[in-house]
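Nothing in this text is a laboratory measurement; each read-out follows from the coordinates by a stated rule. All values derive from a computational prediction rather than experimental measurement. Positions of Cβ are generated from backbone atoms using ideal geometry, with glycine treated the same way; all protein chains shown enter the neighbour counts.
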Amino acid sequence: MKARNFRSVKGVPYTRLEYIHGVPQSRITRFNMGTWKEDFDYLIELKANETVYMRDIALESLRVNVNRHLHKKIGTQNYYFTVVVYPHHILRENKMMTGAGADRLQEGMRRAFGKPVGRAAAIKKGQTIAKIFTYANYIDIAKNALKIGASKVPKGAYIYVSRRE
């Protein structure tokens, strides 16, 4: 299985868990980190450049790296970080055999529906992937943390900063 097979969003999402057996659990352990306070000045968002599927492994990697950077630099009391998207879409793969004699053991495309192998979040162009709420003096650190997280997004992402009212 190659990542490029699941990068582009095409067709209807495969999400009906009551009909799917053997679905792997989502690898994202937490969605909200830090401490929520009403008086945060700024909202920094990570938004997708293009419509794309983002696997749960990549979302967890983004979460761990951003949270670690924020925790080390500014402490848990000065930010609130949340991952907005959830990996609803179930990825399927029709595993094929390779090697000598494989052509006699498998049926090729005859029953090519595939078995569940993972999860992904279908993200639209411009959709928010993650948010950080923080104070004015920590904006540069939060932007740097999301820049690290943007490297985990397939087809890239950009950072949007807005002042909270």
**Request:** Taking all pairs of distinct Cα atoms, average 1/r, flip it, and tell me the Kirkwood hydrodynamic radius of the chain in Å to one decimal place.
**Result:** 17.5 Å
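Which value in Å does the Kirkwood hydrodynamic radius of segment 1-89 take, with 1/r averaged over all unlike C-alpha pairs and then inverted? Before the final figure, lay out the partial values.
Working: mean 1/r = 0.0648 Å⁻¹.
This gives a value of 15.4 Å.
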**Asked** Which FRET efficiency, nearest 0.05, do residue 84 and residue 109 yield, Cβ-Cβ r, R0 45 Å?
**Response** 0.75
**Asked** How big is the gap, in Å, between the Cα center of segment 112-129 and the Cα center of segment 1-80?
**Response** 12 Å
**Request:** Consider a paramagnetic label point 7 Å from the Cα of residue 161 along Cα→Cβ; state which residues of segment 114-142 have an amide N under 11 Å from it.
**Result:** 136-142
**Prompt:** How high is the FRET efficiency between residue 147 and residue 124 when r is their beta carbon distance and R₀ equals 35 Å, given to the nearest 0.05?
**Reply:** 0.95
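Would you mind calculating the gained length between residue 8 and residue 32 on full extension (0.36 nm times residue separation, minus the Cα-Cα distance), in nm to one decimal? Mind showing how you got there, number by number?
On the way: separation 24, 0.36 × 24 = 8.64 nm, distance 2.73 nm.
Length gained, residue 8 through residue 32: 5.9 nm.
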**Message:** Per residue of segment 138-143, what does 6.51 cos²θ - 1.76 cosθ + 1.60 with θ = phi - 60° give for ³J(HN,Hα)? Whole Hz please, x for Gly and Pro, Karplus curve as stated.
**Reply:** 10, 4, 4, 5, 5, 5
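Out of the trypsin sites (Lys or Arg not before Pro) in segment 1-77, which ones are loop residues according to DSSP with at most 10 other C-beta atoms within 10 Å?
Numbers: sites: 2, 4, 7, 10, 16, 27, 30, 37, 47, 55, 63, 68, 72, 73; in loops: 2, 7, 10, 16, 27, 30, 37.
Answer by residue number: 2, 10, 16.
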